[in-house]
Amino acid sequence: MARYWVAFYRGRGRMMDKVVRFATRSPFSHVELIRQEERPKRGDTVTCLSSSARDGGVRIKDIELKDGKWDIYEVPWAHPSTWDRAARHLGKPYELWPMVISQLFNFRRHSREQWYCSELIAYALNLSMPHAKSPGDLLRAIRDNVATWDYAIAVQRGLVAPNPVPEILEDDDETLGPAPG
């Protein structure tokens, strides 16, 4: 069964990489989705899926994960259809300036006919509000979901006790005001 990984680009890159890092306040300017059994290692050439301005939009490409330029994270909770969700958009154009503007001014607008890298991968991973995910935001969402995944697996295996749901005290109802109706 294939496993999923996301590679985050932190290399110097071109001027556009600097603009993305500045606008998104992140050390990362680009992300790639990887589907393979073994953990990719720095220096490996792997098949990636993403949206890239350099390549004109959504594409599949073999990329060398050069040491010092890529950070790689596993996404153990990714659905088996993750790759296919992204691949459905192959050939659609890259969306640079709406992404930069939305990060600077928080417009939260997007088009399903254009994609930027972290938006496409967040969409493929079925994360909420993919159009609001910069590369750094995507990494935080992945880490949060991995922590939840790890906790759920530990509970399932009996390694930790589940957190009890806090009881709602009857006095708390008073702070909500009168019941409607």
### Task
Could you tell me whether Ala179 is assigned to a helix (DSSP H, G or I) and either over 13 Å from Val6 (Cβ atoms) or modelled with pLDDT of 90 or more (or both)?
no
### Query
Listed residues Leu127, Leu169, Leu138, Leu90; which is of a type in the set (A, V, I, L, M, F, W, C), out of contact with any strand residue (DSSP E or B) (no Cβ under 7 Å at 6 or more places or on another chain), modelled with pLDDT of 95 or more and at negative phi?
Leu127
### Message
For segment 29-51, give me the residue count where each residue is over 23 Å from Pro80 (Cβ atoms) and either among the β-branched types (Val, Ile, Thr) or surrounded by fewer than 18 Cβ atoms within 10 Å (Cβ to Cβ) (or both).
### Response
4
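Residue-by-condition table, conditions (1) under 14 Å from the mean Cα position of the chain (by Cα); (2) acidic (Asp, Glu); (3) more than 22 Å from Arg143 (Cβ to Cβ):
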| residue | (1), (2), (3) |
| --- | --- |
| Phe22 | no, no, yes |
| Ile60 | no, no, yes |
| Leu65 | no, no, no |
| Gly68 | no, no, no |
| Ile72 | yes, no, no |
| Pro80 | no, no, no |
| Arg88 | no, no, yes |
### Query
Among the strands (runs of 3 or more DSSP E) contained in segment 1-104, which hold 3 or more residues that are small (Gly, Ala, Ser)?
45-52
#### Entry: Every residue from segment 1-15 that is touching a Pro at 6+ places or on another chain (Cβ under 8 Å), more than 13 Å from Arg42 (Cα to Cα) and among the aliphatic types (A, V, I, L, M)
Met1, Ala2
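The values are calculated or read from the model by the stated rules, or taken from the named source; none is laboratory data. If you're wondering where the values come from, they're calculated on a predicted model, not measured in any experiment. FYI the Cβ positions are ideal-geometry reconstructions off the backbone, even for glycines, and counts take in every protein chain you see.
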